[in-house]
């Protein structure tokens with residue numbers, strides 16, 4: 001309340017005017033110290049939150065790449081068995097032909113290889129074309145045979161073992177191996193087939 005309204009004369013005048021009291025409202029606000037404390041708290045919260053968000057994003061990106069590739073391999077195996085044909089998975093960027101340069105990150109084809117020449121011919125059916133995986137991921141395929149394709153027999157088996165190593169190029173901590181065995185089945189691992197840590201150096 002304003003000090004002017006506290007004097008006897010002022011109170012008497014107010015009563016005659018029918019006003020019992022006057023309340024003066026002051027605008028609320030933050031002091032400089034309070035603002036600095038609030039900024040410091042926000043910095044701490046964001047400092048913990050941003051790395052966590054980056055980790056979630058990297059994990060989701062890696063999962064998308066692993067699921068895309070392992071899903072195509074499982075599909076190729078099932079079609080080889082179902083159609084009783086040789087089915088090939090090969091690197092492909094244009095979705096029409098296999099390529100021997102570039103890498104798996106740019107995309108791949110699944111097709112029925114009737115004449116077993118490991119190339120898409122005019123009378124052969126393309127079963128699937130995958131346009132690639134998230135750009136920040138790198139893919140390396142290591143096998144005793146070709147590194148540009150793999151073939152499934154009508155039994156669903158493959159000629160050789162192989163390992164796709166998928167790494168987040170921004171942080172090699174995020175890596176998975178898609179391991180192919182001769183039965184044609186795949187498994188996902190955080191380590192190489194021999195149990196050693198994954199190598200993202202390419």
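Here are 80, 43, 58: which of them is part of a helix (DSSP H, G or I), over 25 Å from the mean Cα position of the chain (by Cα) and either exposed (fewer than 14 other Cβ atoms within 10 Å of the Cβ) or at pLDDT below 90 (or both)? Spell out how you get there, then give the answer.
Numbers: 80 fails: either exposed (fewer than 14 other Cβ atoms within 10 Å of the Cβ) or at pLDDT below 90 (or both); 58 fails: over 25 Å from the mean Cα position of the chain (by Cα).
Within the list 80, 43, 58, the selection yields 43.
What tally of residues in the range 106-140 results from selecting those that are out of contact with any helix residue (DSSP H, G or I) (no Cβ under 6 Å at 6 or more places or on another chain) and without any contact (Cβ under 8 Å) to a residue 40 or more places away in the chain?
23
Look at the range 89-130 and say how many of its residues are part of a loop (DSSP other than H, G, I, E, B) and closer than 26 Å to residue 192 by Cα.
To start, the set of residues in the range 89-130 that are part of a loop (DSSP other than H, G, I, E, B) comprises 92-103, 107, 113-125.
From the residues that got through so far, the ones that are closer than 26 Å to residue 192 by Cα too are 92, 100-103, 107.
Total satisfying the criteria: 6.
Closer than 30 Å to residue 56 by Cβ, assigned to a loop (DSSP other than H, G, I, E, B) and out of contact with any helix residue (DSSP H, G or I) (no Cβ under 9 Å at 6 or more places or on another chain) - does that describe any residue in the range 170-188?
Scanning the range 170-188, I find at least one residue that is closer than 30 Å to residue 56 by Cβ, assigned to a loop (DSSP other than H, G, I, E, B) and out of contact with any helix residue (DSSP H, G or I) (no Cβ under 9 Å at 6 or more places or on another chain), so the answer is yes.
The values are calculated or read from the model by the stated rules, or taken from the named source; none is laboratory data. Given the structure is predicted, the values throughout are model-derived calculations rather than measurements. Note: ideal-geometry Cβ built from the backbone for every residue, glycine included; neighbour counts use all protein chains shown.
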